[in-house]
1. Please give the per residue accessible area of the chain, computed with a probe of 1.4 Å over protein heavy atoms only, in Å².
2. What is region 506-596's relative contact order, in percent, from Cα pairs under 8 angstrom and six or more apart in sequence?
3. Once you put a point 7 Å from the Cα of TRP158 and another 7 Å from the Cα of GLU663, both along the Cβ direction, what distance in nm separates them?
4. Against the longest principal axis of the chain, how steep is helix 190-201, in degrees 0 to 90 to the nearest 10, with axes from Cα atoms?
5. When the Cα centres of region 392-466 and region 832-877 are compared, how far apart do they sit, in Å?
6. Which distance in nm do the two modelled labels at ARG195 and LYS304 give, with both placed 7 Å along the Cα-to-Cβ direction?
7. Can you give the relative contact order of the chain as a percent, counting alpha carbon pairs under 8 Å and 6+ residues apart?
8. Taking N as the number of residues in region 265-304, what value does Rg over Cα atoms divided by 2.2 N^0.38 Å take?
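The values are calculated or read from the model by the stated rules, or taken from the named source; none is laboratory data. Worth saying up front: this structure is predicted, and the values here are computed from it rather than measured. Here the Cβ positions follow ideal geometry from the backbone for every residue, glycine too, while neighbour counts run over all protein chains shown. These area figures cover heavy atoms from the full protein model, side chains too; ligands, DNA and RNA do not enter into them. Shrake-Rupley method; radii C 1.70, N 1.55, O 1.52, S 1.80 Å.
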Amino acid sequence: MASPSSFSSQNYKFNVFASFHGPDVRKTLLSHIRLQFNRNGITMFDDQKIVRSATIGPSLVEAIKESRISIVILSKKYASSSWCLDELVEILECKKAMGQIVMTIFYGVDPSDVRKQIGEFGIAFDETCARKTEEERQKWSKALNEVSNIAGEDFLRWDNEAIMIEKIARDVLDKLNATPSRDFDGMVGIEAHLREIKSLLDLDNVEVKIVAIAGPAGIGKTTIARALYGLLSKRFQLSCFVDNLRGSYHSGFDEYGFKLHLQEQFLSKVLNQSGMRICHLGAIKENLSDQRVLIILDDVNKLKQLEALANETTWFGPGSRIVVTTENKELLQQHGINNTYHVGFPSDEDALKILCRYAFKQTSPRHGFEELSECVTKLCGKLPLGLCVVGSSLRGKKEDEWEDVVTRLETILDQDIEDVLRVGYESLDKNAQTLFLHIAIFFNNEDGDLVKTMFAESDLDVKYGLKILENRSLIKMKIFSNGDTKIVMHRLLQQMGKRAIQKQEPWERQILIDAREICHVLEHAKGTGWNVHGISFDISRISEVSIRKKAFKRMPNLQFLKVYKSKDDGNNRMHVPEEMDFPCLLRLLDWKAYPSKSLPPTFNPEYLVELHMRYSQLEYLWQGTQPLKNLKKMNLSKSKNLKELPDLSNATNLEYLYLIGCESLIEIPSSISHLHKLKTLGAIGCINLEVIPAHMNLESLQGVFLGDCSRLRNIPVMSTNIKGLFITNTAVEGVPLFPGLEILDVSGSRNFKGLLTHLPTSLTTLKLCYTDIERIPDCFKSLHQLKWVDLHGCRRLASLPELPCSLLTLEADDCESLETVFCPLNTLKASFSFANCFKLGREARRAIIQHSFFMGKAVLPGREVPAVFDHRAKGYSLTIRPDGNPYTRFVFCVVVSRNQKSYKTIPPSLLWRRIIAQDEGYPVEVWSEIGDVFKYRTEHLLIFHFDFLEFENREIVFEFSSKFNHFDVIDCGAKILADGSIKGSYESGSDQAIEDEVVFEPSKAFGDEKDDDCCIL
């Protein structure tokens, strides 16, 4: 039977009424159709119990009117029955009066025979009409003529009846869903979500499937599920949306009674029978095992709920679909649900659209609200719930009111948002709640292994706790290619965590975050006590605080201390006594702008795992050798007065050392040679750094960042495992051999002379910007892993040798001496940028343009579209008219000139529209970033391609423009390419596609050849 929720609004009792001649089709075609329809949940009127008479009775007329679709099966003997002919007349009257859908099947009869009443069909019609009046004959003849003109399935044209019937069923389902719910029209991103879920549902499969929609609170799971229900419910015999399952409690029941109670509520709803009573847990199977059902179980948070309502797929009829929405991925694993759609956060663009939809009732910001809208979107962390709630609250507000909201959002969580997010937190046990709060306050975006080390001495099972939090969608564990993990918690969940701490009683707080409370504790050494494990002290809003020497004595279990400024005004409001006693069990010390020249002499770093002292006034940390076996991360960046590092001999587990902007540091101590677990050394901007210890082999070291160390002249051998070496703007003249090096950046190092004499084949990225190199050796072509080369600003570089085939990007902007390039450019997929390279010779320009005809892109100076582009036009619009051949591939050339009035705020983007004549689905807009137009000194050519466009004999208009008015389009052009034509000419070295009168040697570089020796490793 049909679900009232599915069909009551249309007042249709049946999906389909079939008009047919029984002896012809009942035991064959019709029985197969009925079976397929049952599988697909299509309800069909059954005439078996109706007594046939000379005229169709009221019950049959009513059945026709109560059906959404009528299918007329026209067989050879159909017209032999006046009953069938009267049915047909009634059906066509319903089509005219009620908009009923009529479908046809021509079963062994030609449609023209039906239309003209000839052949065997005509003979049967004449025999029937012989006993009737002329008026009846004309009425039936008109009806047959009309129905024969309705396009349908012709049985004679099908080789397989089963496949034909499956198609008919799909057509019926499509027509039943032709007017779906409009409730979610305009909802940003909903179509993409539904498309992915429908793919998982595999609706044509007759098996029963359970599919999950998972994601964090507020991400939009319920909204997506409701939209899915509105779209698909008509395809099923029964459908039911079970909401608020999280709110279902035992309410005094034991487990069996709870499940029984849930099944009673469920069956009452799905069968539309209020107050159902059942006596065993097999009731769902008894009632639904022969029904094709769609069930949505929303906000499931207990395994018992799934066991009660969908424990076995055998409970439901073939083709049934059960959709479960939940935040708890562990629950899905326990129930064996493997088909899961994970709802992700929207893109920046979609998030802004969601906000604007609620704030402005449109998908873009109103004029004057652009920056405010982007700021609010960022503060909401792209969470759809937050965007919806905050956007609605901003509707109709003025700019100053928006600014007030932005200020509040930085520190205060909206109550409606908090109510939703807090549910997941409150479902956790005490240990998981404790871990959640510590992550929210101290360890968001932190390395997973480091956090485990933080709690190594505690009773907290961090590994299990992290798994619980991830399964409940309260955190996300990002896994990197090197195996490292990072814990990520959404910004709004962080705020909810702070609110949870604020609501705790003072005596039960393990973490202090209230600045006034912390001031009282530190200034008077009173309050709190043994229970405090962490302090997060934001000093932005305090006037001044002087810490007592014994302030931490009453907190012997304090392990995590963080002092910071959420808004930095440059003032130092902290006064720390020189002999202050730090807690001896500290594992995290994160103190921004520490005001003293050193840590107190009593400071004990034995348990310290992480030390952050950015922007400090430190000149040194401590004297002598300290126990540092637990230390994994040290960050002293921007401590401009730091003159020396301590002895790190005992820091054998240190993995990360950051000294960025330590301008007074002259040398890195020799004790660094003991740091065999060090992965990253960052010392960018250490302008006085001169000495790095030699003869080291730090086996774990992979990333070395020494940019802007302007006095550094020598890079010693530090490790044979370094993957990335960044020595920009230094005084180094060469680098030692690093066999596994993947990224080398020496940009701005003008003294660099040992360039390219030793290059490992592992190299993928090479940046030589603003160096004084004059040429690149021929061995360059042997770097088969190289993907990206940046040469911009190499003003002495005159030629380019043969490039490796692996190359994807070559940036050579502002190479003002560059004249020649090797030809052919065999880097088939590479993008080239030669902006402001005004000395490029004719042959070099031709080679670059020819290269872009295959798969690449190119930017180079030019004032007009080259003649090779046989479709050209002045201005921004180009029309291509049909020539009888299908369009397969296009190469476009656009001449652009920088708009002098434009401002360098957003990356320049080329926007182009494609308009195809006689196609309602167009125009289509495409945009892409095109490089730094702001530095183009004159007009430039932008060359790019578009593949696999096949619209034979149809006019196409292309329009090109700057998305943000950064530049003007002067000319545009296109060339149509046939598949394989360019590839063939390219591989053969032919340049006929560019300039017929010029022939060049494909294996020779343009310009003088010189021998060059280098070593490829």
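1. Solvent-accessible surface per residue comes out at 46 Å².
2. After rounding, I find 28 percent.
3. 8.2 nm
4. It is inclined by approximately 70 degrees.
5. Computed from Cα coordinates, the inter-centre distance equals 53 Å.
6. 4.2 nm
7. Reported as a whole number, the value is 5 percent.
8. 1.25
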